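Just below is one structure, and these are the notes that go with it.
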Amino acid sequence: MKKILVANRGEIALRVMRSAKEMGIATVAVYSEADRNAPFVAYADEAVCIGPAPSNQSYLRGEKILEVCKKLGVEGIHPGYGFLSENAKFAQSVKDAGLTFIGPDPHSIETMGSKLAAKAAARKYNIPMVPGTEDAISDPEMAKKVAKEVGLPILIKASAGGGGKGMRIVEKIEELEEQMTRAISEAESAFGDGSVFIERYVAGPRHIEIQVLADRHGNVVYLFERECSIQRRHQKVVEEAPSSILTPELREAMGKSAVDVARSCDYVGAGTVEFLVDENLNYYFLEMNTRLQVEHPVSEMITGVDLVKEQIKIARGEKLSFSQEDLKINGHSLEIRVYAEDPLNNFLPDIGKLTTYRRPSGPGVRVDDGFEEGMDIPIFYDPMISKLITHAKTREEAIARMVRAIDDYKITGVKTTLDFCKWAIQHPAFVSGKFDTHFVKQYFTPDVLNIQDEEAEQVAALIAAHAFASQKNTVAPSSPALKTSNWKKARLQ
Ligand code: MV4
């Protein structure tokens, strides 16, 4: 493969092109009118505008993208995440055009795109799953019977859903019929597929996912877990690897289950197998994501494996160059997602111009982003500004490093989730490792950020008062709180 096209934008387009360049592969960017000045466009060897800003007129136009490939002699397409990355029809049309889709085969995408088909495939390998129905259910009487068997509360899930879309909790049997009718009609209108199924509701679970890599020669390995329990309305906020709750035995068991899930759909490439882990450390397979995920960097940091390079090598038909035994966890990595959102205003997107944009750097700090100072954040796409990743020997050091990196990050012009993330990773529940998927709902109210500010300002005021009292004419800011506070004050202006 001498030339690849990246059918994506922003940080992930840049991320993919960097690895391609290191492999001596030429890169082609496709971009929308809104992304004309984006760094990923300038970074590519060639770039083609494929339409207006809205995704359905640009990044989702598979046919147009294939035309570009033909014209420029592209041999492979990397879909990144989102957009066309889990579209089985697109993967098939790439194949039909005689090109290589840098990802799994269409039938693997299709199987895992249906939660019911995914569970049916996994069942053949004895993967632990939450008790519930094996098939789609529409008869309320049957549903009541199932609910009695598995025990309330139950969860109604859309087979075509994912990421929490189309889920409904039922706590009382009297509510079941109405909730089911609603779930079915919601699934029908959102996904064009009204199939729903029932699972026992696991209260207070952790969301732990396993990264896998599979080649075309039957080799499948797991690259350990990512802990993704810290999320807000199904949007991940903090991700880390490894998880502090897994024992080596549980890690191996979950890793082997993830490999089996991959085998169950003849998976090739990089994929992620999602599990819930309950308070007794029982784990249950939920679904498989057949793409490179946003949070893949934490797995790269602890394993030293470049997942994009591996994807490309696998797509070229090469064998994995390492075995399971070669993989070891090295240190600890955290990632936070920096969004142009206002945590004080219900996380409303706060798009606008990045008036100041200065990245943190130094040992163990990685910033995956797709913006430069002075750029506008377009309203048409996800408002993620960047992913801030730290790596250190221990979890404590990775957290301290993240706090430092957040303090070093200077962004003005838009509100961001930096402070919110700083609050989350310093929270006693996070620091102690005792948290679940309800963390944000349980602990976050906007005033926790004001309190953070106030505390910093109080410290600043105390130091200033002390300096004044001792007749010094300079204030030596020895406290990190003071520096943070000064910055925050400047930003408020
Ligand atoms: C569950 C669950 C509890 N019990 N299934 C949400 C996203 C989708 N992938 C599956 N999800 C859940 N499935 C059973 N049987 C709780 C969730 C869930 C959740 C899972 C992972 C991360 C965050 C979550 C937030 C709310 C609910």
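Some notes on this structure:
- Exposure of residue 195 as accessible area (Å², to 10), given a probe of 1.4 Å and all protein chains: 40
- Anchor residue 353: lysines whose Cα lies under 27 Å away (excluding residues fewer than 8 positions away in-chain): 236, 387, 410, 415, 422, 483, 488, 489
- With all protein chains kept in place, the per residue accessible area of region 131-200 amounts to 52 square angstrom at a probe of 1.4 angstrom.
- Helix-only CD estimate at 222 nm, as mean residue ellipticity for the chain, using -39500 (n - 2.57) per DSSP H run (n ≥ 4): -11500 deg cm²/dmol
- Taken about its Cα centre, the chain carries a charge dipole of about 1040 debye when Lys and Arg each add +1 at the Cβ and Asp and Glu each add -1 at the Cβ.
- Heavy-atom accessible surface of region 298-442: percent carbon and sulfur, 1.4 Å: 51
- Using a probe of 1.4 Å, the accessible surface attributed to residue 168 totals some 50 Å² when neighbouring protein chains are kept in position.
- Solvent-accessible area, 1.4 Å probe, carbon plus sulfur percent, for region 157-220: 46
- Relative contact order of region 1-126, pairs being alpha-carbon contacts under 8 Å that are 6 or more residues apart, as %: 23
- Across region 139-296, the mean sequence separation of Cα contacts (distance under 8 Å, 6 or more residues apart), normalised by length, yields a relative contact order of 19 percent.
- Counting only heavy atoms of the protein chains and using a 1.4 Å probe, residue 180 has close to 0 Å² of accessible surface.
- Bridgeable aspartates and glutamates around residue 3 (alpha carbons under 13 Å apart, same-chain partners fewer than 8 residues away excluded): 22, 45, 46, 75.
- The slack in the chain from residue 451 to residue 426, taken as 0.36 nm per residue of separation less the alpha-carbon distance, amounts to 7.7 nm.
- Per residue solvent-accessible surface (Å²) - region 206-447, probe of 1.4 Å: 37
- Rounded if a/c under 1.5, otherwise prolate or oblate - the chain, Cα gyration tensor axes: oblate
- Per residue, region 27-95 exposes 43 Å² of solvent-accessible protein surface, assessed with a 1.4 angstrom probe and all protein chains in place.
- Pairs beyond 21 Å (Cα-Cα), from 89/124; 148/172; 95/119; 393/441: 89/124; 95/119; 393/441
- Over the chain, relative contact order from alpha-carbon pairs under 8 Å, at least 6 apart, %: 13
The values are calculated or read from the model by the stated rules, or taken from the named source; none is laboratory data. Since the structure is predicted, the reported quantities are computational estimates derived from the model, not experimental observations. With ideal geometry, Cβ positions are generated from the backbone for all residues, glycine too; neighbour counts draw on all protein chains shown. We work out accessible area using only protein heavy atoms, side chains counted, and drop any ligands, DNA or RNA first. Shrake-Rupley method; radii C 1.70, N 1.55, O 1.52, S 1.80 Å.
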